[in-house]
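Read-outs throughout are calculated quantities, based only on the coordinates presented, and are distinct from any laboratory measurement. A quick note: this is a predicted structure, and the numbers were derived from the prediction, not measured. A quick note on method: Cβ atoms are made from the backbone with ideal geometry, for glycine too, and the neighbour counts reach across all protein chains shown.
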Amino acid sequence: MQILVPRLSYFPLVVDKMCRHYQIAAGQNDADEMWLEFQGQPLKWHYPIGVLFDLYASNDGLPWNITVHFKRFPETEVIRCKTKEVVEAHFMSCLKEADNLKHRSQVMNAMQKRDHKQLWSGLNNDRFDQFWSVNKKLMERLNGEPFKYIPFKIYQLDRPFVQMLFRPLSDTGELQCLRDLLKMAILRIADKEFASAHWKVIIQGIEPPLDTPVQWLSEHLSHPDNFLHICITEK
């Protein structure tokens, strides 16, 4: 079975049709047991779909062949997701964390409950205009100043993701670039020659130059949760 899904979404939001199809075929009734696997690796549903693809399958291209399971749920590797409300709670938690890092929570605190619901509804229903009309407030600079910290996560195969505080400006007031971020977070990948020869640094499916300002990347290549998700894979 083939389906076309948004890379910015999460698997539990887009696999209803696939789940029903395989439940009937496999004679399974418990959707809570469904989980996805790629080449022996259980896929974490709370990572955006595009991040999972960039991390595990970017060298293979499309179509992305994923195995669907209904038995032996890998509880030590994947969080159970009984309903879409679980995804919503995770998404809103990430948004609040990102706004706290960027704006000291000023934007989210100024929003009303209907704004939060519009963000979620836009993502859940894949309606960009509905989502962006609210999310653009989260992506703007307050008083023209760069973000306080850059919300980011760095992923590598078989390693926990890396997340730490990183300012978009150096102590001397200069814009910090992607290379500076990698140098702080993962020293062995920061060298330009070494990185270009052995590693791919992927954000939103592309390989941005390492001298790209991280402030710009955060404003233009963040996922809907407002985090900059950076995947590092070997060439």
Discussion item. Suppose each label sits 7 Å from its Cα in the direction of the beta carbon; what would the Glu85-Glu140 distance come out to in nanometres?
Written reply: 3.4
Item to complete: Could you point to the residue in Tyr155, Phe11, Gln106 farthest towards the positive end of the chain's charge dipole, with +1 and -1 charges on the Cβ of Lys/Arg and Asp/Glu respectively?
Response: Gln106
Discussion item. Below 8 Å between Cα atoms, with a sequence gap of 6+, how large is the relative contact order for the range 1-110 in percent?
Written reply: 28
Fill in: Share, in percent, of DSSP beta bridges within the chain that are antiparallel, nearest 5
70
Worksheet item: If the cut-off is 15 Å between C-alpha atoms, which aspartates and glutamates fall inside it for Lys71, apart from same-chain ones fewer than 8 positions away?
Response: Asp30, Asp32, Glu33, Glu37
Discussion item. With +1 on the Cβ of every Lys and Arg and -1 on the Cβ of every Asp and Glu, and nothing else charged, how large is the dipole of the chain about its Cα centre, in debye rounded to the nearest 20?
Written reply: 420
Worksheet item: In whole percent, what relative contact order does the range 152-234 give with Cα contacts below 8 Å and a gap of six or more residues?
Response: 38
Worksheet item: For labels at Met1 and Asp211 in the simple 7 Å Cα→Cβ model, what's the distance in nm?
Response: 4.9
Worksheet item: What Rg and what Dmax come out for the range 152-234 when only alpha-carbon atoms are used, in angstroms?
Response: 12.0, 36
Practice prompt. Just need the relative contact order of the chain here, percent rounded to a whole number, with Cα pairs under 8 Å and 6+ apart.
Written response: 20
Worksheet item: Can you put Ser93, Ser58 in order, fewest other beta carbons within 10 Å first?
Response: Ser93, Ser58
Worksheet item: Rounded to the nearest 500, what is the chain's calculated 222 nm mean residue ellipticity when only DSSP H runs of at least 4 contribute -39500 (n - 2.57) each, over all residues?
Response: -11500 deg cm²/dmol
Fill in: Only Lys, Arg (+1) and Asp, Glu (-1) charged, at Cβ; the range 115-172 dipole about Cα centre in debye
80
